[in-house]
1. Can you give the Rg to Rh ratio of the chain, both from alpha-carbon atoms, with Rh computed by the Kirkwood formula?
2. For region 85-139, what is the convex hull volume of its Cα atoms per residue in Å³?
3. Quick query: amide H of TYR122 versus all other amide H atoms, modeled in the peptide plane; which residues come in under 5 Å with a sequence gap of 5 or more or a different chain?
4. For LEU92, what charge total do you get from the other residues with a beta carbon under 15 Å from its beta carbon, if Lys and Arg give +1 and Asp and Glu give -1?
5. Per residue, how many Å² of accessible area does the chain show with a 1.4 Å probe?
6. Pairs LYS34/LYS54; LYS54/LYS164; LYS18/LYS94; LYS54/LYS153: which exceed 31 Å Cα-Cα?
7. Can you give the extra length, in nm with one decimal, that the chain gains between ARG99 and SER6 once fully stretched, where that is 0.36 nm per residue apart less the Cα-Cα distance?
8. Taking θ as phi - 60°, what are the ³J(HN,Hα) couplings along region 147-158 by the Karplus curve (6.51, -1.76, 1.60), each to the nearest whole Hz, with x for Gly and Pro?
Amino acid sequence: MFKKFSSSTDIASQTPPKSSVQRSIRAAVLAQWKLQPETLEQIWPKKESLTHVKCREHISIYTVNSEPLFFQHFDGPLYPTLRLLHKYPFLLPKVGIDRGAIRFLLAGAHMMCPGLTSAGGYLPPAESGIAAHSLVAVHAEGKEHAVAVGMTKLGTEEMRKVNKGVGVEIATHLGDDLWAIQTL
């Protein structure tokens, strides 16, 4: 999504949304990420104004004090940026990839099921499984912080059974152009 993103050419406009829209975004973040309101208050204080940055290919980036916090493609789910996920690692459920998949992930590839189900990969146990089309933080084997944010294509039990095809569609990863932008 952010392979060839440049803040000088790909940003169409920056506008502050109406307060009613900000309230609906706040409610959507609380529902999608299953956060406590106090945590969201730390991330995005109510007194701080949100800025909606419209970009090419129908991507919306939301910033507070010029720092990108989350983004959205069309009217899809709100993804946290990796920098926000590094500050608050508990925002999203965690899946892990093995060492062999790291180079493909850093090149922008989606994560395949074998990279998640192998010995170095990690999927949560069956009782706390992740449903299909859920946002996840992708961690690499032996690394402390998340290396990508994506959406599961299959539930974790389906990934274990099928063990073929795309398991997680990657939206942003370490080293892409959104990671390079610290302020907008």
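1. Dividing the radius of gyration by the Kirkwood radius yields 0.97.
2. Spelled out: Cα convex hull of region 85-139, divided by residues, is 93 Å³.
3. Here the answer is GLY96, ILE97, since their amide H atoms fall under 5 Å of that of TYR122.
4. +3
5. Result: 52 Å² per residue.
6. LYS54/LYS164; LYS18/LYS94
7. Extending this stretch completely gives an extra 30.5 nm.
8. 10, 7, 10, x, 10, 5, 8, 10, x, 5, 5, 5
The values are calculated or read from the model by the stated rules, or taken from the named source; none is laboratory data. Fair warning: this is a prediction, and the values are worked out from it, not measured in the lab. Because the Cβ atoms are built from the backbone with ideal geometry, glycine has one as well, and the counts that use them run over all protein chains shown. These area figures cover heavy atoms from the full protein model, side chains too; ligands, DNA and RNA do not enter into them. Shrake-Rupley method; radii C 1.70, N 1.55, O 1.52, S 1.80 Å.
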